[in-house]
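Following: one structure in structure tokens, then a few remarks.
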């Protein structure tokens, strides 16, 4: 696994940690590769019953895609395996928990959304910020299954961050705890799950997702023109150049 991601098992709980705090744990190529490798390792690890996904440091769980890298590569539509999406491009039968220690924006929101449970520090924030940088968010298609549709629309249309407490109020977050207690609480919840009958746990997870609509294909079609637009290149370029973006709507 790349040094950008670490994997550690503690009492049956696998901790998959993005180790790039100096860049707010942004999803560059090394991080994305490491997350896929760590998830596969968890899938194959019989000693690990629950996965906890988190970010190093105190400021960021994951700030999303690395916009400088996107600008350098002129990325249009991300490939299907651009970043792990549990249950979509990589199957994860065992339970997963997002331990959100700071901002979870864009691709970071994606990672938190993909996990079965979410425990957040009081300082955590959540945002689907793609509208602010001209990029796409087809992965957010299940959002209105997780939270009320009008709240989902506000998050998608404004790109504004949501606090951990607000995330708890709308059902996006299971628990909010002090930052200092985040790791111990996530470990505690994971151990409670790991102590249960394994076949029952696996079946319970599958049952919970039976009613979720699978809208990803249609969402990809809707967002494709956005990814191919000039604005989609302008957003990362403006970020790299430390200037406001100039949108053309083309």
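May I ask you to verify whether residue 221 is farther than 30 Å from residue 101 by Cβ and surrounded by fewer than 17 Cβ atoms within 10 Å (Cβ to Cβ)? Answer is yes for this residue.
Of the residues screened, residue 29 is not one that is within 27 Å of residue 161 (Cβ to Cβ) and touching a helix residue (DSSP H, G or I) at 6+ places or on another chain (Cβ under 6 Å). Residues in segment 119-140 that are touching a residue at least 60 places away in the same chain (Cβ under 8 Å) and surrounded by fewer than 20 Cβ atoms within 10 Å (Cβ to Cβ) were compared, and the one that is farthest from residue 250 (Cα to Cα) is 123. Within segment 50-68, restricting attention to residues that are in contact with a strand residue (DSSP E or B) (Cβ under 9 Å, 6 or more places away or on another chain) and closer than 16 Å to residue 130 by Cβ, which residue is surrounded by the most Cβ atoms within 10 Å (Cβ to Cβ)? Filtering first and then ranking leaves 62. Residues in segment 131-148 that are at pLDDT below 90, in a helix (DSSP H, G or I) and over 18 Å from residue 214 (Cβ atoms): 1 in all. Can you name the residue in segment 149-180 that is part of a helix (DSSP H, G or I) and touching a residue at least 60 places away in the same chain (Cβ under 8 Å) and is also surrounded by the most Cβ atoms within 10 Å (Cβ to Cβ) among such residues? Only one residue fits best here, namely 164. Modelled with pLDDT of 95 or more and either in contact with a helix residue (DSSP H, G or I) (Cβ under 7 Å, 6 or more places away or on another chain) or not in a helix (DSSP H, G or I) (or both): is that true of residue 51 in this structure? Criteria met by residue 51.
The values are calculated or read from the model by the stated rules, or taken from the named source; none is laboratory data. In this text, all values refer to a predicted model and were calculated from it rather than measured experimentally. Note that each Cβ is placed from the backbone with ideal geometry, even for glycine, and that neighbours are counted across all protein chains shown.
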